[in-house]
1. What are the residues in region 159-171 that are within 19 Å of residue 32 (Cβ to Cβ) and either surrounded by fewer than 16 Cβ atoms within 10 Å (Cβ to Cβ) or over 14 Å from the mean Cα position of the chain (by Cα) (or both), if any?
2. Please go through region 171-181 and give me each residue that is over 18 Å from residue 122 (Cβ atoms), in contact with a helix residue (DSSP H, G or I) (Cβ under 8 Å, 6 or more places away or on another chain) and at pLDDT 90 or above, ordered by number.
3. Checking the conditions here, which among 125, 137, 98 is farther than 13 Å from residue 37 by Cα and in contact (Cβ under 8 Å) with a residue 60 or more places away in the chain?
4. Can you confirm whether residue 48 is assigned to a helix (DSSP H, G or I), at pLDDT 95 or above and either closer than 20 Å to residue 113 by Cα or within 15 Å of the chain's Cα centre (by Cα) (or both)?
5. Could you please find all residues in region 123-148 being more than 19 Å from residue 176 (Cβ to Cβ), touching a strand residue (DSSP E or B) at 6+ places or on another chain (Cβ under 6 Å) and surrounded by fewer than 16 Cβ atoms within 10 Å (Cβ to Cβ)?
6. For residues that are touching a residue at least 24 places away in the same chain (Cβ under 8 Å) and part of a loop (DSSP other than H, G, I, E, B), scanning just region 143-166, find the one that is nearest to residue 30 (Cα to Cα).
7. Across region 76-99, what is the total count of residues that are under 19 Å from residue 132 (Cα atoms) and out of contact with any helix residue (DSSP H, G or I) (no Cβ under 9 Å at 6 or more places or on another chain)?
8. Might you check whether a residue that is modelled with pLDDT of 95 or more and farther than 28 Å from residue 173 by Cα occurs anywhere in region 95-110?
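The values are calculated or read from the model by the stated rules, or taken from the named source; none is laboratory data. Computed from a predicted structure; not experimentally measured. Glycine also receives a Cβ, built like all others from the backbone with ideal geometry; neighbour counts cover every protein chain displayed.
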């Protein structure tokens with residue numbers, strides 16, 4: 001009986017230490033990845049400004065093909081939204097909150113109990129094409145488990161962004177290749 005009490009006290013002390021340490025971890029994260037796409041600026045912009053296109057390149061949707069998707073009143077441009085509910089993807093809503101063709105699209109993400117974030121796609125001319133950047137910013141506040149996730153967020157989410165951008169690049173370059181000048 002005494003040993004169980006000591007184990008309990010030890011586990012309690014460890015959990016308390018992890019909680020306190022977690023409060024000193026950064027609450028904000030930023031993740032972004034980029035790829036050069038050789039396609040027209042308008043075609044690249046359309047790919048992210050139309051939420052129905054998201055399913056074509058999104059590694060998140062590909063990871064949970066059985067997720068239920070529902071659409072808001074709009075599917076394209078500011079105010080367009082989609083919601084999902086899946087075993088792997090969890091539950092959430094994505095809404096386009098700002099867009100300027102062919103420069104950027106900004107999205108509000110609501111992951112319900114897991115919190116909120118902002119994602120963005122930014123497009124810039126580069127030699128040989130257009131640089132497409134997919135980024136993500138979140139503030140976890142006092143959510144200690146999410147602060148611990150923040151320690152690996154760049155690596156974990158960055159891999160998804162790289163895969164998604166590669167998929168977008170393949171689709172857009174095939175459907176709307178950049179014309180030689």
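1. 159, 162, 166, 167, 168, 169
2. 171, 175 - these are the residues of region 171-181 that are over 18 Å from residue 122 (Cβ atoms), in contact with a helix residue (DSSP H, G or I) (Cβ under 8 Å, 6 or more places away or on another chain) and at pLDDT 90 or above.
3. On the way: 125 fails: farther than 13 Å from residue 37 by Cα; 98 fails: in contact (Cβ under 8 Å) with a residue 60 or more places away in the chain.
Step by step, each of 125, 137, 98 is checked, and only 137 is farther than 13 Å from residue 37 by Cα and in contact (Cβ under 8 Å) with a residue 60 or more places away in the chain.
4. Here the answer is yes, as residue 48 does meet what is asked.
5. Within region 123-148, 137, 139 qualify.
6. Result: 151.
7. The qualifying residues number 2.
8. The answer is yes, given that some residue of region 95-110 is modelled with pLDDT of 95 or more and farther than 28 Å from residue 173 by Cα.
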